[in-house]
Amino acid sequence: MRYRFAAALFSTIAASATAAGTSDIASVERVVDRFNAARAAFDEAALGNTLAPDYQEISPVGDVDDRAKVLGFYRADQRRAGPAIERADRRTSLHGTFAIETERLSFTMTRPDGVAATRSMRVRYVAVRGGGVWRLLSAQYTPMPPAK
């Protein structure tokens with residue numbers, strides 16, 4: 001009898017943890033989606049809502065940008081047209097109040113000679129949960145060599 005009760009209790013706890021983990025993964029993915037949508041729209045306020053106060057970003061050229069610099073780059077008056085971005089290979093893992101998400105971003109642009117070129121980069125996002133809300137703590141953009 002005790003064994004059945006313990007097994008049922010363990011099963012309930014494991015199911016709750018799995019459901020919470022699935023919910024947290026979806027929440028992290030949503031904050032990354034909101035971050036990327038705000039960047040694309042040059043919506044500084046929406047972008048600010050996705051970033052932790054001590055956010056840091058490593059750009060594709062290796063610069064380290066703090067939260068204020070990132071927000072300044074995406075002000076509405078700085079808006080420029082950019083290529084459509086395709087996202088793939090999303091992987092998200094939870095580590096308590098931290099989460100790591102990695103994905104590939106690809107975009108096609110037209111070079112000055114008129115030839116289209118597709119480029120890709122890997123992005124690693126680090127999110128932190130505080131006050132029941134996930135926010136991005138960091139992003140790192142690593143260019144991938146063009147396919148040969």
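Which value, in debye to the nearest 20, gives the size of the charge dipole of the chain about its Cα centre, when Lys and Arg are +1 and Asp and Glu are -1 at the Cβ?
Dipole of the chain, to the nearest 20 debye: 400 debye.
First select every other residue whose beta carbon is under 12 angstrom from the beta carbon of residue 118; then total the charges, Lys and Arg +1, Asp and Glu -1.
That sum, taken over residues with Cβ under 12 Å, equals +2.
How many nm separate the modelled label positions at residue 142 and residue 97, each set 7 Å beyond the Cα in the direction of the Cβ?
2.8 nm
Express in nm, to one decimal, how much length is gained between residue 107 and residue 69 on full extension, taking 0.36 nm for each residue of separation and deducting their alpha carbon distance.
Net length gain for the segment: 11.3 nm.
With just the Cα atoms defining each centre, how far is the stretch 106-148 from the stretch 22-88? Give it in Å.
A separation of 11 Å, based on Cα centres.
Once the Cα atoms of helix 2-41 and of the chain are each reduced to a long axis, what angle between those two axes, in degrees from 0 to 90 to the nearest 10, is obtained?
10 degrees
In nm, what is the difference between 0.36 nm times the number of residues separating residue 33 and residue 61 and their Cα-Cα distance?
Length gained, residue 33 through residue 61: 7.8 nm.
Please identify which residues in the stretch 22-63 have an amide N closer than 12 Å to a label point set 7 Å out from the Cα of residue 124, following the Cα→Cβ vector.
Residues 58 qualify, since their backbone N sits under 12 Å from the label point.
Only helical DSSP H runs with n ≥ 4 go in: add -39500 (n - 2.57) per run for the chain, normalise by residue count and round the 222 nm mean residue ellipticity to 500 deg cm²/dmol.
Taking each H run of at least 4 residues, the total per residue is -12000 deg cm²/dmol.
Relative contact order for the stretch 2-144: what is it in percent, counting Cα pairs under 8 Å that are at least 6 residues apart?
Reported relative contact order: 23 percent.
In Å, the Kirkwood hydrodynamic radius of the stretch 2-144 over pairs of distinct alpha carbons?
For the stretch 2-144, inverting the mean 1/r across all distinct Cα pairs yields 17.0 Å.
Coordinate-derived values only; no laboratory data. Note that this is a predicted model, so its numbers are computed, not measured. Heads up, the Cβs are rebuilt from the backbone with ideal geometry, glycines too, and the neighbour counts pull from every protein chain shown.
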